[in-house]
1. Determine the per residue accessible area of the chain with all protein chains present and a 1.4 angstrom probe, expressed in square angstrom.
2. If the viscosity is 0.890 mPa s and the temperature 25 °C, what translational diffusion coefficient in µm²/s does Stokes-Einstein give for segment 97-144 when Rh comes from Kirkwood over Cα pairs?
3. Hey, if you put +1 on the Cβ of every Lys and Arg and -1 on every Asp and Glu Cβ in segment 24-120, which of 32, 93, 50 ends up farthest toward the positive end of that dipole?
4. Given bins 5 angstrom wide, list per bin the percent of all Cα-Cα distances in segment 139-180, short to long.
5. Based on the Cα atoms of segment 110-191, what semi-axes does the equivalent ellipsoid have, where each is the square root of 5 times one gyration tensor eigenvalue, given in whole Å with the largest first?
6. On the accessible surface of the chain, probed at 1.4 Å, how many percent belong to carbon and sulfur atoms?
7. Could you please put 81, 90 in sequence from largest to smallest accessible area, using a 1.4 Å probe?
8. Can you report the principal axis dimensions of the chain using only the alpha carbons, biggest first, rounded to whole angstrom?
Amino acid sequence: MEGRRTETQYVGTPWWTMSLTSEPLYERGRGIMDAFSMSAGDGGECFLAHDVWRPRPIRMDQGVPLSGTKAGGGAFDGTATLQSITNTRTIVVSGLPAGFLLSAGDYVELRMSALKRSLHRILADATASGSGVVTLSIRYGLDTQHFTTAAVVNFEKASCVMQMDQGSYKAPSNKSNRQASFSASEVFYAA
């Protein structure tokens, strides 16, 4: 440490990155963005991020959170079971409603704990069988050293853990520019 600065070492390349620029902000909006920036990375904190344009599988999106009945019985809330890991790019998911539709480009999250998540894209259309089981080909190989069949599979606002890139938050306070912006990168917590 030097003064109030802390060094951070990044290992590897994050799979997910983002850049955000707000609409023009006034007092209240600026305050909300400033508060978010203080709790989302300038001190090592992190936040969950999901694609707001695709919060659930596209063919199942009715504009409300996922719901229904699992093929084997019980309420469906967007979460399912990781039945098996065929290889790092192929997983088998169970506990879905019969006929649940997944499309190429949909997101799937595997969650071991609140801060241990792995976010992937589905590579090909797939439909759950009558017993609620589907095999998915995914983009970005699953880290099988840290993720097992104990992971919860999530299709509702599938997220990854992110942290603001150091020094990227900007929020000028002049009349010609009232937009806040920042960039962020996925962080991986193995513990």
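1. Per-residue value: 57 Å².
2. This corresponds to a translational diffusion coefficient of 213 µm²/s.
3. Positive-end residue among those listed: 93.
4. Result returned by the calculation: 5, 13, 13, 17, 11, 10, 11, 8, 7, 5, 1.
5. They are 35, 17, 10 Å, listed largest first.
6. Carbon and sulfur: 52 percent of the exposed surface of the chain.
7. Putting 81, 90 in descending order of accessible area: 81, 90.
8. Over the chain, Cα extents along the principal axes are 58, 36, 26 Å.
The values are calculated or read from the model by the stated rules, or taken from the named source; none is laboratory data. What you see is a predicted model, and the numbers here were worked out from it, not measured in a lab. Positions of Cβ are generated from backbone atoms using ideal geometry, with glycine treated the same way; all protein chains shown enter the neighbour counts. Surface accessibility is based on the protein's heavy atoms, side chains included, excluding ligands, DNA and RNA. Shrake-Rupley method; radii C 1.70, N 1.55, O 1.52, S 1.80 Å.
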